[in-house]
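A short reminder: the numbers here are calculations on the coordinates, not readings from a lab. Here the structure is a predicted model, which means the values were calculated and not measured.
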C-alpha cells in the first residue's frame, strides 16, 4: 500500500523522527518529522476507522513536545478540512498553497502549506 511504502521510506531516513500512534494497544497511525528541501516538516496518518476521535490532534500536540524545530512546516490537501483543523488547533498557520503528493490518496493534489513558528 502507499502507507507501507511511505512508512518504509521514513524509517530508512536517519534524519526522520518517527512515532507509532497507539490507542489501547492497537496501532491506529503514525506521526513523523523529516527534512525536506531545507526545512523540517511534520506528517501524520490515522486509519480511516479512527477518524473524528481527536487522535491526530492529541498525537500532534504530544509530538510537538518532542520535535522542537521551529519553524516547522506541514502540508495538507486543500480539501482535507479535518487535517487543516488539526494543524491550526496546534498553532500552525496557512502560509501558502501549491501542489503536493498526498500519500494517503496516492496522487498529487492541491495543498496548503502551514507553518508553526513558536
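Okay, helix-only estimate at 222 nm for the chain: each DSSP H run of n ≥ 4 adds -39500 (n - 2.57), divide by all residues, round to 500 deg cm²/dmol; what do you get? Before the final figure, lay out each step's value.
Details: 3 runs with 32 residues, N = 118.
Counting only the DSSP helices, I get -8000 deg cm²/dmol.
Which of the three applies to the chain, rounded, prolate or oblate, going by the alpha-carbon gyration tensor with a ≥ b ≥ c and a/c under 1.5 meaning rounded? Please list the in-between numbers first.
Values: a/c = 1.17, a/b = 1.15, b/c = 1.01.
In terms of gyration-tensor shape, rounded.
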